[in-house]
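Notes follow once the structure below has been shown.
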Amino acid sequence: MDINDFKGTIKPFFWIEHNNSFSVCLNAGDYKPEIFETRAEEGFEGNGYDWASLAQVFLDEKKPDLNEDIKFDPEAGMFCTYSSNAESLKEFISEFKKICEDDTKIQDLFSRAELD
């Protein structure tokens, strides 16, 4: 897949290339806030840390073979994941984005996310 086509399929996540690594980020709060509202009373806000918790559940349960390659570096306003392996990161974010678009599946994963 052409890199520009790939970038389009993962929106609103965005791809960044560095010298020796690759990142995918998301402006937290702009995408799927309704997911986090279901557990707001527990302290979830939809910030970058909450997204990282959700993404970690996805990684552990759906893509455990990528656990060595995928790392998270969230901030309050931004979710960020990175890797030195571009193909692993592309696979992760492509599959994670598909799950995010399926309300039933994403809510199921989110039910096991832990507040950071």
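What follows is calculated from the coordinates using simple rules that are stated; it is not laboratory data. The shown structure was predicted, so the numbers you read here are calculated from the model rather than taken from an experiment. Note that we place each Cβ from the backbone using ideal geometry, even for glycine, and neighbour counts take in every protein chain shown.
Under the rule of -39500 (n - 2.57) per DSSP H run of 4 or more residues, summed and divided by the residues of the chain, what mean residue ellipticity at 222 nm is obtained, to the nearest 500 deg cm²/dmol?
Numbers: 5 runs with 51 residues, N = 116.
Per the formula, -13000 deg cm²/dmol.
For K11 and K62, what is the calculated FRET efficiency with R₀ set at 22 Å and r taken between the beta-carbons, to the nearest 0.05?
Between K11 and K62 the formula returns 0.60.
Any idea how many Lys pairs in the chain come in under 18 angstrom at the alpha carbon, given 8 or more places apart or on separate chains?
Lysine pairs meeting both conditions in the chain amount to 24.
Can you give the charge dipole size of the chain about its Cα centre, rounded to the nearest 20 debye, using +1 on the beta carbon of Lys and Arg and -1 on the beta carbon of Asp and Glu?
Result for the chain is approximately 260 debye, rounded to the nearest 20.
Got a sec? Charge dipole of the chain, +1 on Cβ for Lys and Arg, -1 for Asp and Glu; which of M78, S21, S111 is way out at the positive end?
Ranked along the dipole, the leading option is S21.
Rank by packing, highest mean first: peptides 1-7, 22-28, 93-99, 12-18, with packing defined as the count of other Cβ atoms within 10 Å averaged across residues.
On the way: 1-7: 10.1, 22-28: 20.1, 93-99: 17.9, 12-18: 13.4.
Going from most to least packed, we get 22-28, 93-99, 12-18, 1-7.
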